[in-house]
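J.: Encoded as structure tokens, here's the structure I'll be asking about.
The values are calculated or read from the model by the stated rules, or taken from the named source; none is laboratory data. All of these numbers come straight from a predicted model, not from anything done at the bench. Methodologically, a virtual Cβ is constructed for each residue, glycine included, from the backbone with ideal geometry; neighbour enumeration extends over all protein chains shown. Protein only, heavy atoms only, side chains kept; ligands, DNA and RNA dropped before computing areas. Shrake-Rupley method; radii C 1.70, N 1.55, O 1.52, S 1.80 Å.
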Amino acid sequence: MTAWIGSVFESDVGWDHLEALVDVGNRMAGSEGEREAAELTRDALADVGARNARLESFEIQGWTRGDSAITAGDTTQDCIALPRSPSERVVAPLIDLGYGLPADFEESDVEDAVVMVRSDVPDYYDRYLHRREKYYHAVENGAVGFVYRNHVEGCLPPTGSVGTDEEPVGEIPAIGVSSEVGSRLARRFDGESITLSVEADIHSATSQNVRAELGPDTDERVLVTSHVDAHDIAEGAMDNGAGTAMIVEIANALADREAELETRVEFVGFGAEEVGLVGSTRAAERIDHESIKAVVNNDGVVRDRTLSIVTHGFDALRNVANDVADRYDHPIGTVPKLGPHSDHWSFVKWGVPGCHVKSMSDDAGRGWGHTFADTIEKLESRTLSEQAILLTEYVVALAREDVTIDHRDPDAIAADLESQDLAEGMRITGDWPYDESGSN
């Protein structure tokens, strides 16, 4: 194989950056830690040779957690508030809705109740239900509080934001509880009155995107992206320190292969992804969509050894991934369906070719992600190196002038969302961006 592959295996650049990010501590959107992580990423990209490394700031709705509590009977249960929950206290009966499927809400009266739902879906169900979809089903059906129960064992209450673009702070207080606490609540207090309280400081704040570039100064560009922020309760190693470490490692490899790049490659570390894709939304509003050849968004890489690339119906993105897998005799999974979560979606929803790069896993949901257990020792540096090699080659191939990646009409994206049973949930969460024709 070529010499650059050996240099990636010998490189510590990406892993060192991952260690630097997790050592920052709290990287919550709008926090000082998020800004420190962005500055570290800017400097790391500059150090490997990317040019014009910079930060671009924007305003967000800040949210800082205070105390939260759930009291049932004469017991107080461990819990954590979900970011962007309003600061509020409610007393109401608890209703355990199990998985919290749309049909569960249709068949149950949850008005003026606190609803508890699991973080997974049953094996027979044909699609993933995002936390926010379950939350807004509860809101729509008149619930006054929301309890999100982790399906992963280990006394790990999950986090994850609520709220919408239009109303960044949610409508009812929301907390996360561990699988074990959720089981206890369901067993002992289903139908009984409980007290749920959230204290939070809601304020104006500033986040930022990191940008840098390599290759020729063409009008067209390939975006290689990640998100820098993480939830405040853990290191955020998997979600998404590893993704940001990956773009630094890819930049390091491409700096040595810059002469091969036929299209400009821009590296973007988005801010405020965990609170509504705010950084990528701001970026997508300011850039000419026709100038973007492809978006390669890294969110969930390194968690497991085999890459999985969600290609959103863009055949060229799938074909190039298959070519790279064949050339290196190394598996890369491709998923042609839509995935309307993470920063690629800010572009893909308007027909811009984009893929979500993550790891193939048999586990349901996020696993350790969004919990205290999202820590660096669960990742391996060899996986980062192996995936960086494949993704570097993927980016070089996408940047070739003879590779054409057709944009899709937003009407076609909207139709796919309908056919894949994703549209209803997006309408409930306020994430449906189209009019009836699929256009903006």
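J.: Pairing the Cα long axis of helix 315-328 with the longest principal axis of the chain, what angle in degrees results, from 0 to 90 and rounded to the nearest 10?
T.: Taking Cα atoms only, the helix is inclined about 70 degrees.
J.: Using the heavy atoms of the protein chains and a 1.4 angstrom probe, tell me the accessible area per residue for the chain in square angstrom. Could you put the intermediate results ahead of the total?
T.: Values: 17010 Å² over 440 residues.
That works out to 39 Å² for each residue.
J.: Shifting gears a bit: Considering only protein heavy atoms and a probe of 1.4 Å, how much of the accessible area of region 357-427 is carbon and sulfur, as a whole percent?
T.: Summing carbon and sulfur atoms, their accessible area is 45 percent of the total for region 357-427.
J.: Shifting gears a bit: Could the peptides 179-189, 28-38 be put in order, highest first, of the mean number of other beta-carbon atoms found within 10 Å of their residues?
T.: Numbers: 179-189: 17.6, 28-38: 23.1.
So the order, starting with the most tightly packed, is 28-38, 179-189.
J.: In region 202-340, what percentage of the DSSP-assigned beta bridges are antiparallel, given to the nearest 5? Walk me through the numbers on the way to the answer.
T.: Details: 5 of 21 bridges.
Here the antiparallel bridges make up roughly 25 percent for region 202-340.
J.: Considering only protein heavy atoms, what is the solvent-accessible area of residue 4 at a probe of 1.4 Å, reported in Å² to the nearest 10?
T.: 30
J.: Contour minus end-to-end for residue 255 and residue 404, with contour as 0.36 nm per residue of separation and end-to-end as the Cα-Cα distance?
T.: Values: separation 149, 0.36 × 149 = 53.64 nm, distance 2.35 nm.
Answer, rounded to one decimal: 51.3 nm.
J.: Taking the 0 to 90 degree range and rounding to the nearest ten, how far is the long axis of helix 179-189 tilted relative to the main principal axis of the chain, both from C-alpha atoms?
T.: 20
J.: If you don't mind, there's one more thing I want to ask. Using Cα pairs under 8 angstrom and six or more residues apart, how large is the relative contact order of region 71-181, in percent?
T.: Details: 234 pairs, mean separation 39.3, N = 111.
It comes to 35 percent, rounded to a whole number.
J.: Oh, and also: Specify, per residue and in Å³, the volume enclosed by the convex hull of the alpha carbon atoms belonging to the chain. Display every interim value, and only then the final one.
T.: On the way: hull volume 56.0 nm³, N = 440.
Considering the Cα atoms of the chain, their hull volume per residue is 127 Å³.
J.: Hey, what angle do you get for helix 131-140 against the long axis of the chain, alpha-carbon based, 0 to 90 degrees rounded to 10?
T.: With rounding to tens, the tilt is 40 degrees.
J.: Still on this structure, I have one more. Where Rh denotes the Kirkwood radius from the mean inverse Cα pair distance, what is Rg over Rh for region 151-261? Walk me through the numbers on the way to the answer.
T.: Working: Rg = 21.2 Å, Rh = 18.6 Å.
Radius of gyration relative to Kirkwood radius: 1.14.
J.: Ranked highest first by average number of other Cβ atoms within 10 Å, how do 126-133, 301-308 line up?
T.: On the way: 126-133: 17.4, 301-308: 22.4.
The peptides rank, most packed first, as 301-308, 126-133.
J.: Note down the nm distance, to one decimal, between modelled labels 7 Å out along Cα→Cβ at residue 203 and at residue 287.
T.: Label-label distance for residue 203 and residue 287, simple model: 3.2 nm.
J.: Ok, one more. Taking 8 Å as the Cα distance limit and 6 or more residues as the minimum spacing, I'd like the relative contact order of the chain as a percentage. Numbers along the way, then the final one.
T.: On the way: 1057 pairs, mean separation 86.7, N = 440.
So the answer I get is 20 percent.
J.: Work out, step by step, the length gained on full extension between residue 420 and residue 112: first 0.36 nm times the residue separation, then minus their alpha carbon distance; give nm to one decimal. If you can, show how the numbers build up before the last one.
T.: Values: separation 308, 0.36 × 308 = 110.88 nm, distance 3.24 nm.
Working it through step by step, the gained length comes to 107.6 nm.
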